[in-house]
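Note sheet for the following structure.
The values are calculated or read from the model by the stated rules, or taken from the named source; none is laboratory data. This structure is a prediction, so every number in the text was calculated from the model and none was measured. Neighbour counts run over all protein chains shown; Cβ positions are idealised from the backbone, glycine included.
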Amino acid sequence: MNLYDDVRYLKGVGPKMSAELHKCGVFTILDLLLYFPRDYEYIKSNKYFKETTVNENVILKCTVEKILQDSITRTRKKMSTVIFNDSKSTFKGIWFNQPYAKRNFVLGNSYMIYGKIQKLGREIVLINPKIVKGNVHCKDKIIAKYPLKGKLTNSFMSRIISQVLNCVEITENMPLYIINKFKFCSLKEALINIHIPMDYNKLNEAKRRLKFQELFTYSLKILMLRHYINKSKLGISFSISPELKLLKEKIPFSLTNAQSRVIREILIDEKSNKPMNRLLQGDVGCGKTIVAIISIFNVAMNGYQVAMMVPTEILARQHYNEMCNILRDFDLSIELLVGSTSNKNKKLIKERLKNGEIDIIVGTHSLLEYDVEFKKLGFVVTDEQHRFGVNQRCVLLNKGNNIDVLVMTATPIPRTLTLYLYGDLDVSVIDELPPGRKKVETYYLSKFEKNRVYKFALEQIKQGRQIYIVCPLIEENENMVLTSVDKLYNELKDKYFSDSNVAVLHGKMNGKEKEDIMLKFKNHDIDVLISTTVIEVGINVPNASVMIIENAERFGLAQLHQLRGRVGRGKYKSYCILIADIKSDITKRRMETMKKSSDGFFIAEEDLKIRGSGELFGLKQHGEDELILADVVEDFELLKYANEEAKKLLLNDEQEYVKIKEDILKKIDKSSTYICFN
C-alpha cells in the first residue's frame, strides 16, 4: 500500500464511502492518516452499574431484561427504553429520537455496552448505549472522535485507519538528533497513538511529537522564504507617481501621522529594486485600507497590475466599492473576482487579466485558481493575512516575477509571536486611530441580567440605531448549553423585537445570501442582525451602535476586540456588552481586560499571558492549511524550540547537517506542512 493510493481501494470503502471521505478532504491514504480526531472519549469499565457515577462514560456487561414501548416526553421527544440487568441490579438504557436503536437488542441476550451515566429526573440511567463489538474483555478505553460529514461514522473511520496503520510503511522523517534531544516517540508510534491511544500519556506524547513536526516544518518554510527573498534576483523598481499628490487631495479626510509614516515605508519599498515583503499591522479602524489603496495606486500608475486578496466576498465587495469610489477620477480598470461571479464574467475577467486590460483586481481565494493569469503583475496585497497560509501566499507570488507583497491584518498579534509567524516579512504598524473615532463603552454582565441588556438595545433601535448580536454556535448541541443563532432569534423576536426587522447571518449560508443580508443591514432595512463571527472581518455600518456578544467567555480576547470594532464607526455613542458565564478567575480577568482597554496590541499581549487556547485567542486560523494539531499560542514554547532547530538545520554547514538538510528539503510536500513519509 502506497501513501498516495486512493482511499477507495481500502477494504470496506469503495466508491460511495470514498465520496463521503472526499467531503472531508480525504482523498489518499496520507490524507487519512493526517485526519486527526477532534476529541477523545474516555470510557471506564465498571463491573456493575451501582459502581458508576453521574456523567461518567462506562462499559458494562449486562443482559436485556425488558424492551419497553416508546413514549413521548413533555418536550415532544420520542423516548426509547430497554431495561438491562448486570446480575447486581437493573437499570434503564434510554435513547431520544432514535427509535431504531433498541432494535439492536434481543430479549434475554447478553451484551457489552457503553454509554454515559446521567441523571434523568430522579433516576440514574445510561444514555444512548451502544454495543461494543469484537473483544469481549471489559477494560477502559479511549475512543477517538473524528470531525464527521454525511454518512461517515466514528466506527467506520476507526476501522479504516486501523487497517492503514497495520499495513502501511511509515518511515521516520525527523532528524535523529532532534528525536533524541527532545525524547520524542517515533513517527509510527505517534500516528498509532493519535488515532488509537492506549492511555492519555501515550496520547500526549503523540500530540507533542506531531505538533513539533508541524511547527518545525512551518518554521523551515518561513526561514526558506526569507532566505529566498534575500537571495532573489532584483525586483521591480516603481517610480513615485506624480499623481499621488492629486490622489491625496481627493481623499475626503486627513491621514494620521501613523498612516503617513507607513505609506512612506511602503513607497520606499516600492521604489527599491528589492522585492517588498511587508506585514502591515493595525488595530480595528486605524485606516489600513486607505494605506493599501494609495500603495496599490502607485504601482498601477507605473503600468503594472495589482491583485488584492481578501478572505470573504463581503469584504472583497466592500474594498472593491471603496477603491472604485476613491480612484474614480483616474483612468484605471478595476474588477472584482469572487466565488459568486458568474462563469461568463469569470471567463471575461480572466481573459482581460491575461491581456493586461485590467489594472487592479480585488478577489477572494478565486485569485488562486490555476487559470488566473496576469500579463504584468507587479504587486499583491492580502488582507487578514492570518486566514491565508504560506502555501497560498506562494501561489500568488508565483503568478508574477519577483513582485512586491504587502500583507495586512487587523488581528493584533503579540510582538513576541510576530517573529515566529511572519519571520519572512518586514513589519509596519499603524499605532494611531483617526481623530473623532468614538470610544466604545464596554460592559460585561451575567446571563441573569439579559433582560436589562435587550431592553437597552430596544431603546437604541427606537433612537434609529442598529444592533449586532453575536453567538458562538449555529445549531443546537445537546452537549453544550450555549446560545445558538436560531434559538436566540426565536427568543428575542417575540419578546423584545416584535416591531423590528431582525435577520440571521451565519457561515453555513452561501455567499449570495450573506451578501444580501449584509447589504440590507448596511442600508438599514434590518435593525437587528443575529450572527456568528462571520461579521468579525471588515464590515462597515456606521449606524450600528451596539454589539451584544452572547457566551462571551467562549471567544478569545482578540476575537472580542475585532467584534467590538464593528461598532463606533459613525457619529453615535457606541456600546459593547459581553454576556458571560463568569465562574472562573481567568474569565473575569479576560472580561476586565476588554472593559479597561481598547488597545488591540495590549489585549493581544494579555491574551498570550493568560495563555488561553489558540481557538480563543483568534489565531487558530493562522496558516489553516499548515497547522492541523499545533496551536501557536497554546504551543508557544514548542514553537520557539521548533524555530531554533529549523534555524540550526538551515544555517549549519557541518557535513552532518548538510545531508539531513538536503534529505528534509527534498521531502517537503508542497501542499502540506507534513514532510512526506516515503
Within segment 166-188, considering residues that are assigned to a helix (DSSP H, G or I) and surrounded by 16 or more Cβ atoms within 10 Å (Cβ to Cβ), the one nearest to the chain's Cα centre (by Cα) = 187
Meets criteria (assigned by TED's automatic domain parsing to the domain that holds residue 324, touching a residue at least 24 places away in the same chain (Cβ under 8 Å), more than 27 Å from residue 29 (Cβ to Cβ) and not polar (S, T, N, Q)) for residue 265 = yes
Which one is modelled with the lowest pLDDT among residues in segment 77-109 that are within 21 Å of residue 59 (Cβ to Cβ) and among the hydroxyl-bearing types (Ser, Thr, Tyr)?
-> 87
Check residue 315 against each of (1) within 21 Å of residue 522 (Cβ to Cβ); (2) touching an Asp or Glu at 6+ places or on another chain (Cβ under 8 Å); (3) surrounded by fewer than 16 Cβ atoms within 10 Å (Cβ to Cβ) and name the one condition it does not meet.
-> (3)
Within the bounds of segment 109-132, is there any residue that is within 25 Å of the chain's Cα centre (by Cα) and surrounded by 12 or more Cβ atoms within 10 Å (Cβ to Cβ)?
-> no
Looking only at segment 244-275, which residues are of a type in the set (S, T, N, Q), surrounded by 16 or more Cβ atoms within 10 Å (Cβ to Cβ) and part of a loop (DSSP other than H, G, I, E, B)?
-> 256
Scanning segment 68-108 residue by residue, those surrounded by 16 or more Cβ atoms within 10 Å (Cβ to Cβ) and touching a helix residue (DSSP H, G or I) at 6+ places or on another chain (Cβ under 7 Å) turn out to be 80, 82, 86, 91, 95
Hey, can you tell me all the residues within segment 445-483 that are part of a strand (DSSP E or B) and either under 13 Å from residue 551 (Cα atoms) or at pLDDT 95 or above (or both)?
-> 445, 466, 467, 468, 469, 470, 473, 480
Does at least one position in segment 140-163 carry a residue that is in the same structural domain as residue 11 (by TED's automatic domain parsing), within 30 Å of residue 645 (Cα to Cα) and within 30 Å of the chain's Cα centre (by Cα)?
-> no
Confirm whether residue 26 is without any contact (Cβ under 8 Å) to a residue 24 or more places away in the chain, more than 26 Å from residue 121 (Cβ to Cβ) and surrounded by 18 or more Cβ atoms within 10 Å (Cβ to Cβ).
-> yes
